[in-house]
Amino acid sequence: MRIALSIPIRDGGDWGHALQFASEAELMGAASLWSREAWGYDAVTPLAFLAARTSTIGLGTGIMQIGSRSPANVAMTATTLNSLSGGRFMLGLGTSGPQVIEGWHGIPFDRPIQRTRELIEIVRLATSGEQVAYEGEIYHLPLPGGEGRALRSAAGASHVPIYIAALGPRNLELTGELADGWMGGSFIPETAEVFIQHIRSGAEKSGRDLENFEIHIPLSVEFTDDVDEAAKRHARGYGFTFGAMGSERNNFYKNAFARQGFADEVNLVQRLWREGRRDEARDQVPTELALKANLIGTPEMVRERLRVYRDAGVTTIRAGLAGDGPEAQMDTLGQLMSLVNEVDAESVSAS
């Protein structure tokens, strides 16, 4: 398994902290760094900043919001970042949700699966160096009836791996059909098949195999002897996710955990949150959920959980590292990488 890292952005934008974190992570051998995008900082600019100050570590958007940019703009951005970084860029895409797309960007959250498909097909066409002529349900290039003509990227061809952050069955199938990898949040390895079955189905429909397919799981990592306290703290953090991240019908994170056996619990959390009983909602998130969806506990506990992730087919763990400041976070990273190396060595010995 590879270790990827979420770029830590402190309130107010402490970019010096992010740079120190990135530099030390690269020296320690982390595989990649991933930005994020919600309704504050964008996912692209931090990677350009870090690309100029690192040399070997991979750089990915985790995620760039689909619908917030035209397909050509996504292709241009991906090509530019790939060139700036010497081929280290990975394009992570996600639909986000109606609250952000309609509330922040002011565009309809319309046919997100079809929009994802068409955007990826156009980006692939543009980055291949081919002439971009495309007729879809949503995008038409060149625009009919106008003076535009089909163009070829002036930057030439550029290979950019594409990852999709998907949770729903149809989007997971699309991921298996078109993407190089899946970014799987809200993931419990014991119930991995809830997701993998749809990825496999999409791959089979398009005649692909998943031999080199990346399963990339974001989670939190915290080493502690006070497991009960840490588990409760992490569990309470999901209160906002289940209560506020999306509408009652379209909360993709809540729905993903519901499909993994926590339907009653997450629906109760959402109801309490919407009634304004937010502390009660946070208290109702099961600590079992937090422990299964993250790496929390003693080194022995984390090692055992890593084996479960490995056996579920996870190829990359993207760690949100506990610790106040780069020194503490690098200590957590060092412990995690040592345990991953041990678990990987077990697999080699067994084969």
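The values are calculated or read from the model by the stated rules, or taken from the named source; none is laboratory data. Only a predicted model underlies this, so the values are computations on that prediction, with no experimental measurement involved. Neighbour counts are summed over all protein chains in view; Cβ atoms, including those assigned to glycine, are modelled from backbone coordinates with ideal geometry.
Quick look at the values:
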| read-out | value |
| --- | --- |
| Boolean, PHE240 is of a type in the set (A, V, I, L, M, F, W, C), surrounded by fewer than 19 Cβ atoms within 10 Å (Cβ to Cβ) and either more than 19 Å from the chain's Cα centre (by Cα) or under 22 Å from VAL100 (Cβ atoms) (or both) | yes |
| Sole exception among (1) under 23 Å from the mean Cα position of the chain (by Cα); (2) surrounded by 15 or more Cβ atoms within 10 Å (Cβ to Cβ) for ARG111, by number | (2) |
| Count - residues of segment 10-38 that are part of a loop (DSSP other than H, G, I, E, B) and either outside the structural domain of VAL314 (by TED's automatic domain parsing) or within 16 Å of the chain's Cα centre (by Cα) (or both) | 4 |
| Any hit, segment 93-107, residues being among the hydrophobic types (A, V, I, L, M, F, W, C), under 15 Å from ALA165 (Cβ atoms), surrounded by fewer than 22 Cβ atoms within 10 Å (Cβ to Cβ) and more than 17 Å from the chain's Cα centre (by Cα) | yes |
| Candidates GLU130, GLU177, filtered to the one that is at pLDDT 95 or above, in contact with a Gly (Cβ under 8 Å, 6 or more places away or on another chain) and within 30 Å of SER85 (Cα to Cα) | GLU177 |
| From ALA192, ALA203, ALA256, residue being assigned by TED's automatic domain parsing to the domain that holds GLU102, small (Gly, Ala, Ser) and within 17 Å of the chain's Cα centre (by Cα) | ALA192 |
| Hey, SER55 surrounded by fewer than 17 Cβ atoms within 10 Å (Cβ to Cβ) and either assigned to a loop (DSSP other than H, G, I, E, B) or β-branched (Val, Ile, Thr) (or both) or not | yes |
| Checklist (1) part of a helix (DSSP H, G or I); (2) surrounded by 17 or more Cβ atoms within 10 Å (Cβ to Cβ) applied to ARG69, failing item | (1) |
| Selection status of TYR163, touching a helix residue (DSSP H, G or I) at 6+ places or on another chain (Cβ under 9 Å), under 26 Å from GLU214 (Cα atoms) and of a type in the set (Phe, Trp, Tyr) | yes |
| Scope segment 194-226; condition within 20 Å of GLU304 (Cβ to Cβ), surrounded by fewer than 18 Cβ atoms within 10 Å (Cβ to Cβ) and acidic (Asp, Glu); matching residues | ASP225, ASP226 |
| Every residue from segment 114-139 that is more than 27 Å from the chain's Cα centre (by Cα) and not in a loop (DSSP other than H, G, I, E, B) | GLN131, VAL132, TYR134, GLU135 |
| Qualifying positions in segment 162-193 - acidic (Asp, Glu) and either on the phi > 0 side of the Ramachandran plot or buried (at least 21 other Cβ atoms within 10 Å of the Cβ) (or both) | GLU173 |
| Some residue of segment 239-260 being hydrophobic (A, V, I, L, M, F, W, C), assigned to a helix (DSSP H, G or I), at pLDDT 95 or above and in contact with a strand residue (DSSP E or B) (Cβ under 7 Å, 6 or more places away or on another chain) | no |
| Top-ranked residue of segment 213-236 - restricted to ones that are under 18 Å from the mean Cα position of the chain (by Cα) and of a type outside the set (Phe, Trp, Tyr), ranked as farthest from MET301 (Cα to Cα) | GLU214 |
| Residue in segment 5-20 that is within 20 Å of ALA179 (Cβ to Cβ) and aliphatic (A, V, I, L, M) present | no |
| Cβ-Cβ under 8 Å pairs, at least 6 apart or on other chains, segment 46-69 side in contact (Cβ under 8 Å) with a residue 40 or more places away in the chain, far side of a type in the set (A, V, I, L, M) and assigned to a loop (DSSP other than H, G, I, E, B) | LEU50/ILE7; GLY58/ALA31; GLY62/ALA43; ILE63/ALA43; GLN65/ALA43; GLY67/ILE107 |
| Segment 140-161, residues that are touching a residue at least 12 places away in the same chain (Cβ under 8 Å) and either surrounded by fewer than 20 Cβ atoms within 10 Å (Cβ to Cβ) or not in a strand (DSSP E or B) (or both) | ALA150, LEU151, ARG152, SER153, ALA155, GLY156, ALA157, SER158, HIS159, VAL160, PRO161 |
